[in-house]
Amino acid sequence: MKKVFLTAACGLFFTAGIANSQVVVRVGPPPPHAVERIPPPPPAHPYWAWHAGYYRWHGGHYVWAPGYYVQPPRPHAVWVGGHWVPRNGGYVWVEGNWR
C-alpha cells in the first residue's frame, strides 16, 4: 500500500513539474494574423466559445495554430486566450484559461 501511494505521489510531482516548466524562446513571435476568419459556431452548440488562433513554438520556429470552438466548462464562462510574454531574455507562452 505504501509503495502504491509513494509511486502515485512521485508521479504527480514529476507531472506537475513538467506541466509548470516553461520554454524561453529567444526569438519574438510574429504579429498575430490581421484577420482570422471565425466561422459561426456549430448549429448544435451555439454557446461554444471560440479559441483564437496563435503562433506556437515547434521544431525551432513558430507555427500558426488555427482557432477552434470548444464547449465552456460551465454556463457564462469566458475564455481568456493565451499569449506570449517577454520573460528571462526571451518569450514565454502563457496558456489561456476560463474565467
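Observations on the structure shown:
- For the pair Arg87 and Ala44, the difference between a 0.36 nm per residue extended length and the Cα-Cα distance amounts to 11.4 nm.
- Under the criterion of Cα pairs below 8 Å and six or more residues apart, the relative contact order for the stretch 25-98 equals 29 percent.
- Along each principal axis, Cα extent of the stretch 25-98, largest first, Å: 44, 23, 21
- Extension gain (nm, one decimal) between Tyr69 and Glu95, 0.36 nm per residue minus Cα-Cα: 7.7 nm
- Rounded to whole Hz, the Karplus (6.51, -1.76, 1.60) HN-Hα couplings of the stretch 76-82, x for glycine and proline: 6, 5, 10, 7, 10, x, x
- Other residues lying with their Cβ under 15 Å from the Cβ of Tyr69 contribute a combined charge of 0, Lys and Arg counting +1, Asp and Glu -1.
- Local net charge near Trp57, Cβ-Cβ under 14 Å (Lys/Arg +1, Asp/Glu -1): +2
- Annotation: amide H of His51 within the under-5 Å range of Tyr68, Tyr69, Val70, sequence separation 5 or more or interchain, hydrogens built in the peptide plane.
Each reported figure results from applying straightforward, stated rules to the coordinates on display, with no laboratory input. Just so you know, these numbers come straight off a predicted model, no measurement behind them. All Cβ positions, glycine included, derive from the backbone under ideal geometry; neighbour counts span all protein chains shown.
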